[in-house]
Amino acid sequence: MAIGKTEKQEVIKKFGKDVKDTGSASVQIGIFSTRINEITEHLKMHKKDKHSRLGLIKLVSKRKKLLSYLKRTNEEQYGNITKDLKIRV
């Protein structure tokens, strides 16, 4: 359920300023969204996996906090991220 190195590099390349930009809010939101999508697919097949469901809830919460931070600091980038990742706001 963890994303691979190549998937993470693609997200960094797409949302980051450069290849080494791993800590910016937009990159973290992209990585969290990728993991959320993978866990959601896992839970569709394994409906009784309560531990993964708890992890999913924690990831969604972390992403929500980062999105609110990004909205406060850089509203233009916030709009681009939500549109690009198709996140409901």
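Output the residue which, of all residues in segment 14-45 that are among the hydroxyl-bearing types (S, T, Y) and part of a helix (DSSP H, G or I), is surrounded by the most Cβ atoms within 10 Å (Cβ to Cβ).
So the residue we want is S26.
Here's a check for you: in segment 1-45, which residue that is small (G, A, S) and touching a helix residue (DSSP H, G or I) at 6+ places or on another chain (Cβ under 7 Å) is nearest to Y69 (Cα to Cα)?
Among residues in segment 1-45 that are small (G, A, S) and touching a helix residue (DSSP H, G or I) at 6+ places or on another chain (Cβ under 7 Å), the one nearest to Y69 (Cα to Cα) is A25.
Counting just the residues of segment 11-52 that are at pLDDT 95 or above and charged (D, E, K, R), which one comes out farthest from the chain's Cα centre (by Cα)?
The residue in question is K48.
Out of segment 60-86, which residues are within 18 Å of S24 (Cβ to Cβ) and touching a helix residue (DSSP H, G or I) at 6+ places or on another chain (Cβ under 7 Å)?
Correct list: K62, R63, L66, L67, Y69, L70, K71, Q77, Y78, I81, L85.
Tell me which residues, restricted to segment 46-78, are farther than 19 Å from G23 by Cα and part of a helix (DSSP H, G or I).
If the condition is that a residue be farther than 19 Å from G23 by Cα and part of a helix (DSSP H, G or I), then K50, H51, S52, R53, L54, G55, L56, I57 are the ones that fit.
Name every residue in segment 1-13 that is among the aliphatic types (A, V, I, L, M) and part of a helix (DSSP H, G or I), in order of residue number.
Result: V11, I12.
For segment 71-84, does any single residue satisfy the condition of being among the aromatic types (F, W, Y) and either within 18 Å of I3 (Cβ to Cβ) or in contact (Cβ under 8 Å) with a residue 40 or more places away in the chain (or both)?
Scanning segment 71-84 turns up no residue that is among the aromatic types (F, W, Y) and either within 18 Å of I3 (Cβ to Cβ) or in contact (Cβ under 8 Å) with a residue 40 or more places away in the chain (or both).
Among V60, V11, which is the only one that is within 19 Å of I87 (Cα to Cα), surrounded by 13 or more Cβ atoms within 10 Å (Cβ to Cβ) and either in contact with a Gly (Cβ under 8 Å, 6 or more places away or on another chain) or among the hydroxyl-bearing types (S, T, Y) (or both)?
So the residue among V60, V11 that is within 19 Å of I87 (Cα to Cα), surrounded by 13 or more Cβ atoms within 10 Å (Cβ to Cβ) and either in contact with a Gly (Cβ under 8 Å, 6 or more places away or on another chain) or among the hydroxyl-bearing types (S, T, Y) (or both) is V11.
The values are calculated or read from the model by the stated rules, or taken from the named source; none is laboratory data. Nothing here was measured: the structure is a model prediction, and the numbers come from that model. FYI the Cβ positions are ideal-geometry reconstructions off the backbone, even for glycines, and counts take in every protein chain you see.
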